[in-house]
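These notes are about the structure you will find just below.
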Amino acid sequence: MPDVHSLVNDFVIKLKKRKIEGSKATAKQTVELLRSFISQQRLPNSNQAAALIEAVRAVGENLIAANPVELAVGNVVRRVLHIIREEDLSLATAAVGGISLADESDDDDFEQDDHPVLSATAVAAAARSSLRPPSLQTLLEDAPHAAAAPHPSSSGGDSEGKSKSADKNSVTRKLKHNVIEAVNELVQEISTCHEQIAEQAVEHIHQNEVILTLGSSRTVMEFLFAAKEKKRTFRVFVAEGAPRYQGHALAKELAARGLQTTVITDSAVFAMISRVNMVIVGAHAVMANGGVIAPVGLNMVALAAQRHAVPFVVLAGVHKLCPQYPHNPEVLLNELKSPSELLDFGEFSDCLDFASGSGSPLLHVVNPAFDYVPPNLVSLFITDTGGHNPSYMYRLIADYYSADDVVVKRKSAS
Amino acid sequence: MWRRSASFILEKRQLQQQQQQQGDTVTNADSRPLSPSSTAMAAENPNPKISLYYQTRAAHHGVVTSDWLDQSKAAAGGHPDGAVSENYVSGGEDDRKGFSVVDEFNNWRKQPDLAEAVAAIRSLASVIRSSQATTMMELEIELKKAADSLKSWDTTSISLTAGCDLFMRYVTRTSALEYEDFNSAKSRLMERADKFGDISYKARRIIASLGQDFVFDGCTILVHGFSRVVFEILRTAAQSKKLFRVFCTEGRPDRTGLRLANELAKLDVPVKLLIDSAVAYSMDDVDMVFVGADGVVESGGIINMMGTYQIALVAKSMNKPVYCAAESYKFARLYPLDQKDMEPALRPIDFGVPIPSMVEVETSARDYTPPQYLTLLFTDLGVLTPSVVSDELIQLYL
């Protein structure tokens, strides 16, 4: 146990010091940490899922608080919570299915008293309704499952009720195993999301097209490579992405792969956009309304693209999908980076000097890391599950996260 | 150069002639120039010139002009019994107990705290209660008839229609009902219907807690008209110690904005009243617009009190978010293509001075705001983009 705690603490410190770069790396490390946390977590006999959820949530809160700007952490925590809920549900429904293991779990009979009243169907239904996002359909029928639970149990549950709660007990031993299995899949998913996205490249990039991108994103690079490998010839304009100039590195990589590449300054985007067929960029996070938190400068590119009716395509792995709304994105979800990326301290030290004059420096440097691109400027999202409209994001979110986690997290963590 | 033809003059003249004819031949009913459906309407609704929906709203919201008071008194007094029972007989129902769903509905509707859809569903529940059907099929048919007569009683109330549809859907859809014996199914239906009041109340609470997240310290909110949900959001935000101010439009002609301003002032929220035409003038200071909705249509647009559309247009042109708060049972299967593509809800407007008979008055009470002018919808299903509405409706009805 102390072993895991020290791991968690290490990771928290890393997050706080911004030692981990990029949402993919963060997401991957988070999920691996959570995996080892879950595997070492000792669970009580009853109500395992709830205990596990509580434990994961506590850790998750810490992680989120360590770096609230890195939304991927929160997303992964929510995904893991959702996985636990889902596994719990599938076990419960399996129990209803009547895979009777009653004999071997007789020794645990004392535990039966804890929840004998609820019939298996009611448990399953309640769990399902908590997993499923609320809909018009369930508006009227939602409560009856809880209210009318005694009804069905009296009809069919007599024989089943007993075997079930015993059954459930043995079945929950499998819970941890199943959860870890599913978390492994999540790790796999996060590490292969590049390839999944890149596979779709040929559908979007056509012969002799001109693509514009800003800064550098690993996903975008792989995407372009994939199209190149499929023998597409196209040109890429790379806006250099001040102040970190990651675009330079991207341009170098692209040229090394034999792609026609042109480097332009960020300020030249509007001048060049009329020659561009498609803008393809990466994202930092995708919000629930379809808005994008993206590297700084992208809002300008998006506006330029809209002005010239150029499709603005955002590539994002599902771990970037954040179930929150940007209430006030410019203020809350941004981060100010070191001014040394902009200005050389030696040259400007005179005006930045606190000691001179009135005490406060006359020259300020602000170096925000992110932009918010509103959903109406985005033409298409390409995730590992395919292309989606910004207004469709809510459905993906409903698939990947359960509604409870979103709300609880938001209350406790932000 | 393209010019609009002066056909509207012609049309008006024809209309006047028709009305004259109607006045002449009002005694011999079969030669009426009106279409059969509209005559049926006239028989049911005592005063087709006025939207019943807005009558009750005005009664609930307390700010009532003298003209209105007379109307609603008249409505509460004489009509319902006479008109309704007549309708009921003509509908082929045997009112053996003198029971009428419309009466029931009107009773429920008078309660100021009850949402329209709740009233509708409760009155359908009382249909079940008094029904002597012995099979599910019979009950369904009876319910269907009752729902239809309710809908045609007040065609202007969208949430009435939506509520009826939702309940009917529940009756036909719920698989649990098929396996139960008839009596327990019946009692379950009634129980659900009675619970619907709670559901609606809970929905309002959910919306309030979702919506208040969007209110941030120091923001200015423009609100149009009086909506219980919007008020609930603002109250929740005020209770959680958020500092914000509210601009209320006056909300002519029933001046519901005055009531909202009143209520907010009681909560110590800074309020400023605007006349309806000052919206664009003050939009600069506004951070977000909150509106309620009479109904949310399939396109994701909303139908709401007159003036919502122009506020949304102004907000859009100044890049301000427009948030609409509406319970999910207000989602209606309508797809208005433009403003005139709805059953008009008319209500009298008191201008304070006599209007010459030559002058026409636009008495429509509501307008349609297309989805592209709405930023988000706050519903009990969560915070939704307008395009989700059709998704939900399709899931339910297809």
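The values are calculated or read from the model by the stated rules, or taken from the named source; none is laboratory data. Being a predicted model, the structure only gives us computed values, none of them experimental. Cβ coordinates were reconstructed from backbone atoms using ideal geometry, including for glycine residues, and neighbour counts include every protein chain displayed. Keep in mind that these areas ignore ligands, DNA and RNA; they rest on the heavy atoms of the full protein, side chains included. Shrake-Rupley method; radii C 1.70, N 1.55, O 1.52, S 1.80 Å.
From the list A:SER274, A:SER338, the one residue that fits, being in contact with a His (Cβ under 6 Å, 6 or more places away or on another chain) and away from every other protein chain (no Cβ under 14 Å), is A:SER274.
Quick test of your reading of the structure: B:LYS242 fulfils all but one of (1) open to solvent by 40 Å² or more (accessible area, probe 1.4 Å); (2) assigned to a helix (DSSP H, G or I). Name the failing condition by number. Going through (1) open to solvent by 40 Å² or more (accessible area, probe 1.4 Å); (2) assigned to a helix (DSSP H, G or I) one by one, B:LYS242 breaks only (2).
Residue by residue, here is whether (1) surrounded by 18 or more Cβ atoms within 10 Å (Cβ to Cβ); (2) away from chain A (no Cβ under 12 Å); (3) at pLDDT 90 or above holds:
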| site | (1), (2), (3) |
| --- | --- |
| B:VAL297 | yes, yes, yes |
| B:MET305 | yes, yes, yes |
| B:GLN310 | no, yes, yes |
| B:LEU313 | no, yes, yes |
| B:TYR323 | yes, no, yes |
| B:TYR329 | yes, no, no |
| B:ARG347 | yes, yes, no |
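Within the range B:302-348, no residue satisfies the criterion of being hydroxyl-bearing (Ser, Thr, Tyr), part of a loop (DSSP other than H, G, I, E, B) and within 30 Å of B:ASP198 (Cβ to Cβ). In this structure, A:MET287 does not satisfy being open to solvent by 10 Å² or more (accessible area, probe 1.4 Å) and among the hydrophobic types (A, V, I, L, M, F, W, C). Within the range B:179-188, the set of residues being facing chain A (nearest Cβ under 10 Å) and either crowded, with 18+ Cβ neighbours inside 10 Å or touching a Pro at 6+ places or on another chain (Cβ under 8 Å) (or both) comprises B:GLU180, B:ARG188.
Note on the range B:245-254: residues that are open to solvent by 20 Å² or more (accessible area, probe 1.4 Å) and farther than 23 Å from B:SER159 by Cα amount to 2.
Taking strands (runs of 3 or more DSSP E) as the structural unit, no element lying wholly within the range B:349-398 holds at least 2 residues that are surrounded by fewer than 21 Cβ atoms within 10 Å (Cβ to Cβ). The numbered conditions (1) open to solvent by less than 20 Å² (accessible area, probe 1.4 Å); (2) over 24 Å from the mean Cα position of the chain (by Cα); (3) of a type in the set (Gly, Ala, Ser) are all true for B:GLY257 except (2).
Could you tell me whether the range B:349-368 includes any residue that is without any contact (Cβ under 8 Å) to a residue 60 or more places away in the chain and either within 12 Å of chain A (Cβ to nearest Cβ) or under 14 Å from B:GLY295 (Cα atoms) (or both)? No, the range B:349-368 has no match at all. Scanning the range A:353-396 for residues that are at pLDDT below 85 and open to solvent by less than 20 Å² (accessible area, probe 1.4 Å) returns a single hit, A:PRO361. Note on the range A:248-275: residues that are open to solvent by 10 Å² or more (accessible area, probe 1.4 Å), under 22 Å from A:HIS204 (Cα atoms) and touching a residue at least 40 places away in the same chain (Cβ under 8 Å) total 2. The conditions of being more than 10 Å from chain A (Cβ to nearest Cβ) and within 16 Å of B:VAL118 (Cβ to Cβ) are not met by B:ARG192.
Please tell me if B:PHE196 is buried (at least 16 other Cβ atoms within 10 Å of the Cβ), under 20 Å from B:CYS324 (Cβ atoms) and of a type outside the set (Gly, Ala, Ser). No: the conditions fail for B:PHE196.
Scanning the range A:24-49 for residues that are of a type in the set (Gly, Ala, Ser) and modelled with pLDDT of 85 or more yields a total of 4.
Scanning the range B:211-226 for any residue that is open to solvent by 10 Å² or more (accessible area, probe 1.4 Å), touching an Asp or Glu at 6+ places or on another chain (Cβ under 7 Å) and within 11 Å of chain A (Cβ to nearest Cβ) turns up nothing.
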